[in-house]
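Trainee: Dropping a structure here in structure tokens format, bear with me for questions.
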């Protein structure tokens, strides 16, 4: 017997999150840890809860997340994107609310590659005239 769930994949920077929403209590588990144990900064928890708050779905789902890659902020952003996509599968009527909040748009910003002859992506060695 398998439990029914709604799944969404979210990405940000180098991070990828597979999010599953199960009908239930409202607990959030990230990589087999409670959300407040995995994310120590309240800002990150608030960031990933935003789509639930915008749609009024806080506490309606038990959320299970597998996230890999990237850093802490990128992972929080990926989870937020994944939650928004999963909520869309729960109720397609939520699309305008999620779209207006910008939760469905994949943030395209990635780290720019280092170029040869430069110190970083754009920082050049100091120019000397003589």
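Trainee: Among 41, 14, 18, which is the only one that is touching a helix residue (DSSP H, G or I) at 6+ places or on another chain (Cβ under 8 Å) and at pLDDT 95 or above?
Mentor: The unique qualifying residue is 18.
Yes or no, residue by residue, for (1) more than 15 Å from the chain's Cα centre (by Cα); (2) under 12 Å from residue 8 (Cβ atoms):
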| position | (1), (2) |
| --- | --- |
| 48 | no, no |
| 52 | no, no |
| 73 | no, no |
| 78 | no, yes |
| 86 | no, yes |
| 93 | yes, no |
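Trainee: For the condition assigned to a loop (DSSP other than H, G, I, E, B), surrounded by fewer than 19 Cβ atoms within 10 Å (Cβ to Cβ) and in contact (Cβ under 8 Å) with a residue 40 or more places away in the chain, what is the one hit in 111, 123? Talk me through it step by step, then tell me what you get.
Mentor: Values: 123 fails: in contact (Cβ under 8 Å) with a residue 40 or more places away in the chain.
It is 111.
Trainee: Also: Kindly establish whether residue 76 is touching a helix residue (DSSP H, G or I) at 6+ places or on another chain (Cβ under 6 Å), within 20 Å of residue 101 (Cβ to Cβ), in a helix (DSSP H, G or I) and in contact (Cβ under 8 Å) with a residue 12 or more places away in the chain.
Mentor: Yes, satisfied.
Trainee: Still on this structure, I have one more. Pull up region 79-108, narrow it to residues that are at pLDDT 90 or above and outside any helix (DSSP H, G or I), then point me to the one that is farthest from residue 24 (Cα to Cα).
Mentor: The qualifying residue farthest from residue 24 (Cα to Cα) is 108.
Trainee: Could you check region 84-108 and list, in sequence order, the residues that are within 20 Å of residue 16 (Cα to Cα) and either in contact with a helix residue (DSSP H, G or I) (Cβ under 6 Å, 6 or more places away or on another chain) or surrounded by 19 or more Cβ atoms within 10 Å (Cβ to Cβ) (or both)?
Mentor: Selection gives 84, 85, 86, 87, 88, 98, 103, 104.
The values are calculated or read from the model by the stated rules, or taken from the named source; none is laboratory data. These numbers come from a predicted model, not from an experiment. Because the Cβ atoms are built from the backbone with ideal geometry, glycine has one as well, and the counts that use them run over all protein chains shown.
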